Amino acid sequence: LDLEVLEREATKYARVVDHFIMERSSYLPERLTEAGLYLIKAGGKRLRPLITMLVARMLGGGEAEARALPLAAAIEVAHNFTLIHDDIMDQDSMRRGVPTTHVVYGTDWAILAGDYLYSLSYKFVTDSVEYGLSYEQAYKALRILAIAGIKVSRGQAYDMLYEERWDVGVADYLNMVYLKTGSLIEASARLGAVAAGGGSEIEELMGQYGSFLGVAFQIRDDILGVYGDPKKTGKPAFNDIIRGKKTLLILYTLSRLDEDMRREFKGLLKKGVEEAKRASEIIMETGTLKYALDLAKVYASKAKESLGQVRDVADEEAKRLLELLADYVIMRER
Ligand code: IPE
Ligand code: IPE
Ligand code: MG
Ligand code: MG
């Protein structure tokens with residue numbers, strides 16, 4: 001029942017955020033707007049703006065929540081920029097149940113669509129001044145977004161470099177996913193704290209919440225990438241295995257196998273769907289799924305602990321929803 005409340009709230013925020021985005025993103029020529037908004041219109045969970053809005057509300061109540069809207073829109077638009085470029089890098093042709101932007105519009109237009117959304121996200125942050133943020137708060141928000149962008153780039157770089165390496169450990173993995181995924185979710189939470197006018201200590205705590213949540217979220221993403229239902233995830237299964245990504249599942253499985261099996265397992269990566277299926281069976285047989293779920297749980301708990309350390313809570317329900325979100329990310333099916 002609690003998860004139903006979370007879903008209802010998520011839908012409510014998604015509506016206002018989408019409205020903000022759609023109202024402020026039409027520029028000529030039309031094809032630019034179309035290519036830029038194509039993925040946003042295809043759907044998505046709107047998890048990051050939900051976090052920004054809930055953190056603002058938890059710390060500063062309804063007024064802070066209203067001030068946070070441009071920042072919530074900014075982070076979702078920035079997220080969509082990273083997805084469009086990520087699908088080019090990963091050569092993925094489906095997302096949110098539809099063909100990816102580069103498949104529909106061509107890689108040239110998809111790169112441009114990404115550039116456009118990236119720029120829009122900064123423009124939206126400056127729009128927050130219209131919503132009552134001070135220049136100092138807007139400056140902080142710009143810096144948070146910029147730092148997250150640098151971290152995502154670094155994470156994506158490791159993600160690609162690790163495709164060619166076998167000496168990647170779990171610690172490398174955790175650093176990589178913090179950078180590529182955790183950092184943007186961290187930024188979502190920090191932005192909410194900025195909108196609420198919280199000091200650096202509170203911003204730090206919320207940042208920790210977002211980072212831990214983000215790592216848990218990505219571990220679940222790795223699991224769904226192999227065992228998820230494409231009808232629910234909107235993404236085809238096995239892509240990570242076919243690309244040779246060093247996901248947590250692959251790394252842990254490698255550590256569980258003897259030399260012969262390891263050689264066989266390695267031979268199944270970066271091949272076709274049939275080989276990937278066989279690899280997924282081996283992953284299952286090594287107890288990797290339980291290991292990954294347990295680790296995701298550890299990170300979800302750490303997120304909740306950070307949340308629990310916040311002293312002045314203006315809205316207890318928002319806090320409860322953020323706790324629930326930590327449970328949700330590790331059991332989500334889409
Ligand atoms: C996908 O993010 C990219 C990752 C960081 C795993 P989401 O799973 O939040 O994607 P949407 O926005 O709901 O489509
Ligand atoms: C997610 O990368 C991180 C970013 C998009 C920056 P992945 O490549 O692991 O995520 P999916 O599975 O394509 O959504
Ligand atoms: Mg990808
Ligand atoms: Mg990727």
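How high is the FRET efficiency from Arg31 to Trp166, r the C-beta distance, R0 56 Å, rounded to 0.05? With a Förster radius of 56 Å, E is 0.80. The calculated FRET efficiency for the pair Asp2 and Glu259, based on their C-beta separation and a Förster distance of 56 Å, comes to about 0.75.
Nearest 20 debye, what's the magnitude of the dipole of the stretch 227-282 about its Cα centre given +1 on Lys and Arg Cβ and -1 on Asp and Glu Cβ? It would help to have the intermediate numbers written out before the result.
On the way: 14 positive and 9 negative charges, 70 e Å.
Charge dipole of the stretch 227-282: 340 debye, to the nearest 20.
Show that you can apply the helix-only estimate: for the chain, add -39,500 (n - 2.57) for every DSSP H stretch of four or more residues, divide by all residues, and state [θ] at 222 nm to the nearest 500.
Working: 16 runs with 258 residues, N = 334.
Per the formula, -25500 deg cm²/dmol.
Give me the percent of Cα-Cα pairs in the chain that sit more than 33 Å apart, rounded to a whole number.
Details: 13961 of 55611 pairs.
Result for the distance tail: 25 percent.
Stretching the chain fully between Ser93 and Val298 yields a gain of 70.6 nm (0.36 nm per residue, less the alpha carbon separation).
Packing here is the average count of other Cβ atoms within 10 Å per residue, and on that basis the peptides 229-235, 137-143, 81-87, 275-281, highest first, run 81-87, 137-143, 275-281, 229-235.
With the simple model of a label 7 Å out from the Cα in the direction of the Cβ, Glu316 to Tyr227 spans 3.7 nm.
Could you work out the mean projected area of the convex hull around the alpha carbons of the stretch 1-108, in square nanometres to one decimal? It would help to have the intermediate numbers written out before the result.
Working: hull surface 30.5 nm².
Computing the convex hull of the Cα atoms and averaging its projections yields 7.6 nm².
Exposure proxy for Val125, Val313: other Cβ atoms within 10 Å of each Cβ, ordered fewest to most, give Val313, Val125. Gain on full extension, evaluated as 0.36 nm per residue between Glu281 and Glu136 minus their Cα-Cα distance, stands at 46.9 nm. Taken about its Cα centre, the chain carries a charge dipole of roughly 300 debye when the Cβ of each Lys and Arg holds +1 and the Cβ of each Asp and Glu holds -1. Taking the charge dipole of the chain about its Cα centre, with +1 at Lys and Arg Cβ atoms and -1 at Asp and Glu Cβ atoms, the residue from Ile202, Thr11, Val313 reaching farthest to the positive side is Thr11.
Provide Asp222, Asp294 in ascending order of the number of other Cβ atoms located within 10 Å of each residue's Cβ, fewest first.
Numbers: Asp222 22, Asp294 11.
Fewest-to-most ranking of Asp222, Asp294: Asp294, Asp222.
For the peptides 166-179, 107-120, the ranking by packing is 107-120, 166-179, with the highest mean count of neighbouring Cβ atoms within 10 Å listed first.
Only lysine pairs 8 or more places apart or on separate chains count here, and in the stretch 196-334 those with Cα atoms under 22 Å apart total 29. Put a dot 7 Å past the Cα of Glu63, heading toward its Cβ, do the same for Lys290, and the two dots end up 5.3 nm apart.
Histogrammed with a bin width of 10 Å, the alpha carbon distances of the stretch 231-299 distribute as 21, 51, 25, 3 percent, first bin at zero. A DSSP coil position with no more than 11 other Cβ atoms inside 10 Å describes none of the trypsin sites (Lys or Arg not before Pro) in the stretch 48-109.
Averaged over residues, the count of other Cβ atoms within 10 Å places the peptides 37-44, 154-161 in the sequence 37-44, 154-161, highest first.
Calculate the FRET efficiency for Glu333 and Ala146 from the Cβ-Cβ distance with a Förster distance of 45 Å, rounded to the nearest 0.05. For R0 = 45 Å, the calculated efficiency reads 0.85. About its Cα centre, the stretch 222-334 has a charge dipole of approximately 420 debye under the convention of +1 per Lys or Arg Cβ and -1 per Asp or Glu Cβ, with nothing else charged. In this simple spin-label model, placing a label point 7 Å from the Cα along the Cα-to-Cβ direction at both Lys271 and Met22 gives a separation of 4.7 nm. When the chain is described by a simple charge dipole with +1 on each Lys and Arg Cβ and -1 on each Asp and Glu Cβ, the residue from Pro99, Val329, Gly182 located farthest towards its positive end is Pro99.
The numbers here are math on the coordinates, done by the rules we state, and not lab data. Being a predicted model, the structure only gives us computed values, none of them experimental. Note: ideal-geometry Cβ built from the backbone for every residue, glycine included; neighbour counts use all protein chains shown.
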